[in-house]
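Notes to accompany the following structure.
The values are calculated or read from the model by the stated rules, or taken from the named source; none is laboratory data. As the structure is a prediction and not an experimental result, all values here were calculated from the model. Note that each Cβ is placed from the backbone with ideal geometry, even for glycine, and that neighbours are counted across all protein chains shown.
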Amino acid sequence: MIDYAFNELNLNRVEMRCGVKNKKSRKIPEKLGFREGVARQSGWLHDHFAGYVIYGMLANEWHKSKSDNFIYRAEGECLSFFV
């Protein structure tokens, strides 16, 4: 999916957002080498404001990681992309 975003759609940046407390979802971008930042109390979740971890990857970083033989396969996981 990320290869498609960079190679076919020619995007410069891919972003993923996960809830701060959602450790399972956060493992995916972390294993893929995405960089992170936290948006504190940036969204409403059920009955309170919640923070999100925002992960970003630039096209040149992705291509470099691929050339360094970086491989990761997420099976059974659903990723949300915000670009």
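Condition check ((1) buried (at least 17 other Cβ atoms within 10 Å of the Cβ); (2) among the charged types (D, E, K, R); (3) in contact (Cβ under 8 Å) with a residue 40 or more places away in the chain) across all residues:
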site	(1), (2), (3)
Met16	yes, no, yes
Lys23	no, yes, no
Lys27	no, yes, no
Val38	no, no, no
Ser42	no, no, no
Asp47	no, yes, no
Val53	yes, no, no
Glu61	no, yes, no
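Scanning segment 4-21 for residues that are in contact with a strand residue (DSSP E or B) (Cβ under 8 Å, 6 or more places away or on another chain) and in a helix (DSSP H, G or I) returns Ala5, Phe6.
Right, Lys64: farther than 13 Å from Ile2 by Cα, part of a helix (DSSP H, G or I) and modelled with pLDDT of 90 or more or not?
Answer is no for this residue.
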